[in-house]
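What follows draws every value from the coordinates through simple rules; no lab data is involved. Since the model is a prediction, treat every value here as computed from it, not as a measurement. Cβ coordinates were reconstructed from backbone atoms using ideal geometry, including for glycine residues, and neighbour counts include every protein chain displayed.
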């Protein structure tokens, strides 16, 4: 019986943010369910990374051990080799093998390795399978495997073939991966809500602007997240209505362009660029808002959507893949991706009907589906009950309700 799990993310800069928060959240959920869990966090860096300041403050080739609710084994490896096929995954795997050897020597051999993303954690899991015979499951979070280089596809196919279970974070991603890797079977297991969004509501969690209406967008400021189209739809719907505001939480390469666009559209006074925030502060923003809006061109899951739902916040979301199964008529509006007119109409519709949503019901439903208890139960079912049907034939944990397109 599987009770000892070694989690290997393909990236893990910090368990409190976008660089690894949801891996830690999953580890904590499994720990609370009685599993023994640890995280391996290998990392590689180059001269370019050093110049760009993308390296942890004190990189070291020595193994370091942290405890952030679960043990975290870290090691960094430097590579000065030029960009060559297979180079980074194999250097990363070599770094991870040293971590794994240390972990096994101190804690014994795990029952299961859980690799997050084919590259590079899947390659490391494959190496551990060959050396120690450890079974591993593979969870993919990215569309990267659907458009790999030739040598990446080679490594990905090897990892998929040896994995005892392949999991995707959305039904849409599962189908996509099955199409690109014929013969593979991918099951769906959603991401888990982080602890910041599970705390009980507080009396202080009231709208900061009771006289108006606040749309909130939480996403990296980059073209694929669709903030430019959102600003245009917002301007067409609400320009000249100072009581209606749009708050953009996040940072990224599009910040300057988006500020300029808001000025050109005449809504700069109604748009707030908040910057990147901690999970706790994102939750406070959600509790103070009237609706979340996410206009991404593509999402593999949409963690911010379930975070908003856990705050009782109705959502306006583009049908961008991952979030499609998260949105239902009872909790929001789903909009055709790339349809500017539909997005504008959805914003107008949400402005009129936001107060009619059952916010307590939205929150309770989100926690029941995506909370730690639900995640651990679904994870256990996938690990302990072999399933051979594809996601197209069986989606045991998919959202049972289908949202209408606006």
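Observations on the model:
- In units of the compact-protein estimate 2.2 N^0.38 Å, segment 307-360 shows a Cα radius of gyration of 1.08.
- Sorting 343-353, 122-132, 308-318 by their mean Cβ neighbour count within 10 Å, with the most densely packed peptide first, gives 308-318, 122-132, 343-353.
- The three principal axes of the Cα atoms in segment 196-366 give end-to-end lengths of 41, 33, 30 Å, sorted in falling order.
- Cβ-derived FRET efficiency at R0 22 Å, residue 373 paired with residue 2, nearest 0.05: 0.75
- The order of 172, 116, going from fewest to most other C-beta atoms within 10 Å of their C-beta, is 172, 116.
- Remark: C-alpha extents of segment 230-301 on the principal axes read 31, 26, 20 Å, sorted largest to smallest.
- The helix-only estimate of mean residue ellipticity at 222 nm for the chain, built from DSSP H runs of length n ≥ 4 each weighted as -39500 (n - 2.57), is -11500 deg cm²/dmol after division by the residue total.
- Ranked packing of 134-144, 255-265, most packed first, by mean Cβ within 10 Å: 134-144, 255-265
- Helix axis angle, 123-132 relative to the chain longest principal axis, alpha carbon, degrees: 30 degrees
- When you count the other C-beta atoms within 10 angstrom of each residue and take the mean per peptide, 270-278, 183-191, 158-166 line up highest first as 183-191, 158-166, 270-278.
- Taking the longest Cα principal axis of the chain as reference, the axis of helix 227-238 is set at about 20 degrees.
- For segment 196-366, the antiparallel share of DSSP beta bridges with both residues in that region comes to about 5%.
- DSSP beta bridges fully contained in the chain are about 10 percent antiparallel.
- One quarter of the surface of the convex hull around the alpha-carbon atoms of segment 4-192 equals 10.5 nm², the direction-averaged projected area.
- Inverting the pair-averaged 1/r between distinct Cα atoms of the chain gives 22.3 Å as its Kirkwood hydrodynamic radius.
- Degrees, to the nearest 10: 150-162 long Cα axis against longest axis of the chain: 70 degrees
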